[in-house]
Amino acid sequence: MDASASLETHPPSPDSGATGGQDRHQHQGEHEHHELGWWRRYIFSTDHKVIGIQYGFTGLFFLLFGFSLMMLMRWQLAYPGQALPVIGKFLPHIFGAGTMPDGKMTPDFYNSLGAMHGTIMVFLGIVPLAFAAFGNFVVPLQIGAPDMAFPKVNMASYWAVFVGGTVMLTSFFVPGGAAKSGWTSYVPLAAIADSGPGHNPVFNGQTLWLIGFIFLITSSLLGAINFIATIIQLRAKGLTWMRLPFFVWAQFVTAFLLLLAFPPLEAGIIMQLMDRVAATSFFMPAGLVVNGAAMHISGGGSPLLWQHLFWFLAHPEVYVLILPGMGIVAEILANNSRKPLWGYKSLVFSVLTIGFLSFVVWAHHMWLTGMGSTVSAFFQTTTLIISIPSVIILSAFFISLWGGSIRFNVPMLFATAFLPMFGIGGLTGIPLAFNSADLYLHDTYYVIAHFHYIVAPGTIFALFAGIYYWFPKATGRTMNEFWGKVHFWPSLVCMNVIFLPMFLQGMLGMHRRWYDGGQGWTLSGDHVWGLSGFQWNTPISWAAWIMGLAQIPFIINFFWSIKHGKKVNDNPWEATTLEWTAPSPPPHGNFITAPVAYRGPYEYSLPGRERDFTMQNEPVEPAERTRRKAVEQPVLV
Amino acid sequence: MEIPYTISTRPDTGLWNAKVGIWLFLASEVMLFGGLFSAYIFLRLDAPPGMWPHGLLNVPVGTMNTAILILSSVTVVLAWAELKMRRYRRYWWYMLATILCGVIFLTVKLVYEWPQKFEHFGAYIKPQALEKYEQYLGNKHAAEKGLPPRLEITGHLHNREALTNPNIKEYEVALDPVNADPTNPAMDRPHFLYVPPTDKIGKIDKEDVERATMFLPTHSAYFASYFTITGLHGLHVLGGVLVFIYMWLPVSKKVYQRNPEHLANRVEVCGLFWHFVDLIWIFVFPLFYLL
Ligand code: HEM
Ligand SMILES: [Cu+2]
């Protein structure tokens with residue numbers, strides 16, 4: 001791009017005497033940028049699309065890894081104490097002799113797997129994929145921007161997550177193994193875990209967990225700043241707030257959640273790190289006795305403080321996990337029902353309301369700590385109020401389908417499956433919101449089922465939908481439809497076989513952290529459909545392993561299609577939003593000329609038009625204006 | 001297409017990109033220190049009577065450091081204003097002043113304040129032995145005056161080996177004024193000026209001691225939060241100083257020559273950060289030094 005053209009995009013502002021001249025210099029720098037070597041282009045890139053794809057691969061890798069940890073645990077739950085056939089022999093060579101002697105899982109290793117499954121899935125799987133990968137790749141394109149506002153910060157945020165992930169992975173191989181106090185790392189359990197003889201003061205599971213976490217938080221904060229600044233500053237001409245695709249809104253709110261909720265947890269992490277390496281007592285009460293010996297600590301700390309700091313992040317975090325998924329589903333539903341999204345404004349206001357309210361519900365994870373009835377009453381009320389916007393969003397999605405001419409391609413299959421799955425997860429949250437019901441259900445498999453319905457067949461299906469949907473934009477080719485369906489149907493069935501019985505197990509009283517899957521628990525003789533709580537583990541585990549197999553078609557399809565998928569044009573789904581006006585794959589700088597938006601994001605099936613979709617950059621014709629009084633005036637900035 | 005609004009402002013928001021970025025960053029920083037300060041409040045409210053120490057920090061030195069930071073906040077604004085008026089030399093001097101202020105602040109913390117704490121000793125007395133050390137603690141006097149109980153004897157540890165050597169049976173401490181003369185009404189409140197340990201040696205039987213440490217983070221919830229919060233604040237000061245040095249070096253002059261507004265924007269953004277760091281200190285100072 002030459003300097004004269006750039007003068008149009010940077011009108012000299014009154015306070016900058018030399019903008020034009022300086023721009024020329026900048027552009028000379030940019031020219032060198034175009035001739036970057038392979039390393040700068042594909043590894044240390046500052047291009048949002050490359051970074052998005054890097055995040056995508058990282059997220060997918062960790063999802064698979066975290067899922068593998070769980071597949072191992074499922075063996076121990078279904079067949080407690082039995083040697084794991086075949087792979088059981090190899091695992092001790094990878095994870096260390098103490099983890100699975102003779103193929104039998106030790107309790108410590110089981111705990112490590114559980115803690116790391118949760119941590120990895122949430123912070124290294126879903127967040128990098130849903131927020132960072134889709135956000136990076138799609139948001140700038142959808143708002144008609146050339147890149148993110150701060151490309152170097154963007155690169156830094158990817159490398160921070162890379163380091164954080166590496167630290168987390170390394171922690172499996174230090175003496176004592178990876179962190180084992182749950183993804184919540186409740187103190188004082190976590191503060192005394194992995195310490196003492198046989199453990200390195202720094203290179204031990206829990207300390208590495210904390211250090212890795214600081215990197216992950218840094219990454220999320222940098223990413224969040226970048227997203228918000230990009231959305232505020234780099235929207236294309238005419239792309240007003242109420243013309244933003246819903247996906248952009250969802251990412252916008254998600255970024256705010258990360259920005260404001262993560263730092264208090266970071267404070268908590270720093271304090272827990274101090275407890276471990278500087279022998280402070282932020283979270284250690286006075287008079288703590290471990291293994292019959294009084295701890296040599298000052299005391300005066302508060303275990304409850306950690307829970308508050310943790311859940312102050314972790315409740316907003318659950319919305320971080322779901323909102324990008326909702327955004328993806330919204331795009332795909334509108335596109336494949338060939339109808340405008342129903343209730344766009346209420347969707348936007350709902351997502352904003354969720355954003356605000358999610359900061360005042362955190363203590364619903366702490367009913368059993370005896371906070372007192374006043375505090376509980378407050379958090380019960382806010383928790384019930386926050387379910388209202390969630391229900392509005394889900395209802396609007398369902399209504400959007402009504403009367404549409406639906407195309408059931410693979411993205412749409414995943415997106416429609418999201419709806420009931422999210423519905424089940426959300427509705428089963430309501431009993432948990434009541435103190436009295438939760439006293440019974442807390443820490444049982446019921447809670448596990450509740451949030452997995454939202455995150456696994458919910459968010460992860462949304463992510464699959466997004467991958468199938470935007471794949472053509474990234475590669476210029478589509479993924480194979482048939483193998484996509486082979487991926488979808490078994491996954492849907494398995495997800496439900498895995499998680500539905502967990503509600504029953506939970507209601508039978510099965511605790512979420514039992515190492516033997518409840519085998520040793522003989523209090524309840526209750527059976528559901530002929531199986532006791534413990535016996536239900538077996539079908540669940542088999543479904544989990546089959547679901548693992550069901551991902552193979554996806555993996556092959558994904559890599560195969562990059563090179564050999566069907567070539568398609570720039571807008572294969574006949575969609576309306578701006579990313580489909582860019583070439584596939586978009587070049588550096590994304591658009592050939594700066595796009596201008598003239599209309600809302602979902603102008604499907606406009607009356608009196610030849611095609612059933614009208615892209616955001618198509619000017620409003622005078623005739624159309626009289627036909628459709630509802631069309632807003634184009635706003636140009 | 002190139003990224004717009006890197007230097008000029010976007011008409012409808014009235015901002016350039018980095019300015020949006022820095023405000024967002026500061027919002028997250030507010031939450032970070034907010035988390036730490038809430039922890040401070042939580043721990044302090046939870047502390048049993050007598051377990052939250054007072055008057056252990058050097059107030060005049062803290063006051064001086066506060067003044068230095070505030071001064072640097074002024075100089076950085078002046079530096080920015082000079083850039084806006086395109087007077088690079090003056091900018092350069094004001095920037096230097098800012099950097100020096102930051103360096104002095106850090107030096108005082110790291111060379112004077114922290115090490116002085118590391119040299120100070122405190123021994124918490126077991127409840128059943130409090131009576132025995134009444135001459136150092138003056139708890140009867142404290143109770144009469146309605147003061148919180150005194151549970152700790154502090155001062156300069158003469159026999160440092162006592163901390164590690166189990167054969168040494170007692171600590172020999174050059175007592176702090178409050179333990180040297182506990183019933184003196186002048187000791188009821190913390191001193192404003194720092195008073196060093198006296199010559200009076202107190203002997204404390206190890207048997208009677210609940211916990212004895214130097215004033216390290218592990219000493220108490222108070223010092224744990226003090227070192228953590230001032231440490232994190234210090235890291236922020238250090239970061240700010242490093243960035244200011246970069247803006248003061250000849251490399252930035254090149255930026256200035258290309259487009260003075262570019263450098264002015266950078267200084268503005270970092271100045272905002274610097275004000276924030278200053279603001280945090282304005283909370284830290286009363287919370288730890290005065291209250
Ligand atoms: C729609 C309304 C929702 C309500 C009323 C609700 C309520 C609750 C409550 C009260 C708990 C605590 C249960 C316990 O520990 O005993 C809980 C746990 C959980 N919820 Fe929800 N929830 C809702 C939606 C969501 C969403 C959208 C997500 C997104 C992923 C989610 C993820 C989680 C997670 C991860 C946990 C468990 C955390 C843990 O203990 O490890 N929930 N939910
Ligand atoms: Cu929650």
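See the values below:
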{"item": "Karplus-derived 3J(HN,Hα), 6.51/-1.76/1.60, for each residue of the stretch A:413-424, Hz, glycine and proline x", "result": "4, 5, 5, 6, 5, 3, 4, x, 5, 4, x, 4"}
{"item": "Net charge over other residues, Cβ less than 12 angstrom from the Cβ of A:Ser220 (K, R count +1; D, E count -1)", "result": "-2"}
{"item": "Placed amide H near A:Thr240: partners under 5 Å, 5+ positions off or other chain", "result": "none"}
{"item": "Spin-label pair A:Lys566/A:Asp102, simplified geometry with 7 Å Cα→Cβ offset, distance in nm", "result": "5.6"}
{"item": "J(HN,Hα) series, the stretch A:362-373, from Karplus relation 6.51 cos²θ - 1.76 cosθ + 1.60, nearest Hz, glycine and proline x", "result": "4, 6, 5, 8, 10, 4, 7, 8, x, 6, x, 6"}
{"item": "Check: the protein assembly as shown dipole with +1 on Lys, Arg Cβ and -1 on Asp, Glu Cβ, in debye", "result": "1740"}
{"item": "Cut-off under 5 Å, modelled amide H: who pairs with B:Lys126 long-range", "result": "B:Val209, B:Glu210"}
{"item": "MRE, 222 nm, helices only [DSSP H, n ≥ 4, -39500 (n - 2.57), over chain A, to nearest 500]", "result": "-19000 deg cm²/dmol"}
{"item": "Relative contact order for the stretch B:121-214, counting Cα pairs under 8 Å that sit 6 or more residues apart, in percent", "result": "37"}
{"item": "Under 14 Å, Cα to Cα: Lys pairs in chain A, sequence gap 8 or more or different chains", "result": "6"}
{"item": "Those lysines that a straight Cα-Cα span of less than 18 Å connects to B:Lys117, excepting residues fewer than 8 apart in one chain", "result": "B:Lys109"}
{"item": "Inter-centroid distance (Cα atoms) of the stretch A:187-243 relative to the stretch A:554-604, Å", "result": "31"}
{"item": "Cβ-based charge dipole, chain B, positive-most Cα from B:Met247, B:Tyr5, B:Pro60", "result": "B:Tyr5"}
{"item": "Cβ-based net charge around B:Gly231, under 13 Å, with every Lys or Arg adding one and every Asp or Glu removing one", "result": "+1"}
{"item": "Relative contact order for chain A, counting Cα pairs under 8 Å that sit 6 or more residues apart, in percent", "result": "14"}
{"item": "Nearest 10 degrees, 0 to 90: helix A:445-454 Cα axis against chain A principal axis", "result": "10"}
{"item": "Lysine pairs within the stretch B:121-214, Cα separation less than 18 Å, 8 or more sequence positions apart or different chains", "result": "11"}
{"item": "FRET efficiency estimate (nearest 0.05) - Cβ-Cβ, A:Val391 to B:Glu131, R0 41 angstrom", "result": "0.05"}
{"item": "Spacing of the two label points (7 Å from each Cα toward its C-beta) at A:Thr170 and A:Phe378, in nm", "result": "4.2"}
{"item": "Chain B - percent relative contact order, Cα under 8 Å, separation 6 or more", "result": "24"}
{"item": "Between helix A:537-564 and chain A: long-axis angle, C-alpha atoms, 0 to 90°, nearest 10", "result": "30"}
{"item": "Kyte-Doolittle mean at least 1.0 and Cα axial length at least 18 Å: DSSP H helices in chain B", "result": "B:17-46, B:59-84, B:221-248"}
{"item": "Prolate/oblate/rounded label for chain B (Cα gyration tensor, a/c 1.5)", "result": "prolate"}
{"item": "Nearest-ten-degree value, helix A:19-34 long axis tilted from longest Cα axis of chain A", "result": "60"}
{"item": "Stretchable slack from A:Phe559 to A:Asp612, in nm (0.36 nm times residue separation minus alpha-carbon distance)", "result": "15.8 nm"}
{"item": "Under the Karplus curve 6.51 cos²θ - 1.76 cosθ + 1.60, θ = phi - 60°, whole-Hz ³J(HN,Hα) for the stretch A:75-91, x wherever Gly or Pro sits", "result": "5, 4, 6, 7, 10, x, x, 8, 6, 6, x, 6, 5, x, 6, 7, 4"}
{"item": "Viscosity 0.890 mPa s, 25 °C: Kirkwood-radius Stokes-Einstein D of chain A over Cα pairs, µm²/s", "result": "94"}
{"item": "Over the stretch B:121-214, equivalent-ellipsoid semi-axes from the Cα gyration tensor in Å", "result": "22, 16, 10"}
{"item": "Amide H partners (placed H, <5 Å) of A:Lys566, local residues excluded", "result": "A:Thr478"}
{"item": "Hypothetical label at A:Phe359: residues of the stretch B:23-49 whose amide nitrogen lies under 17 Å (7 Å Cα-Cβ projection)", "result": "B:23-39"}
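Taken together, the values in this text are just the output of simple stated rules run on the coordinates, not laboratory data. These figures come from a predicted structure and were not determined experimentally. When we count neighbours, we look across all protein chains shown, and the Cβ atoms used for this are built from the backbone with ideal geometry, even at glycine.
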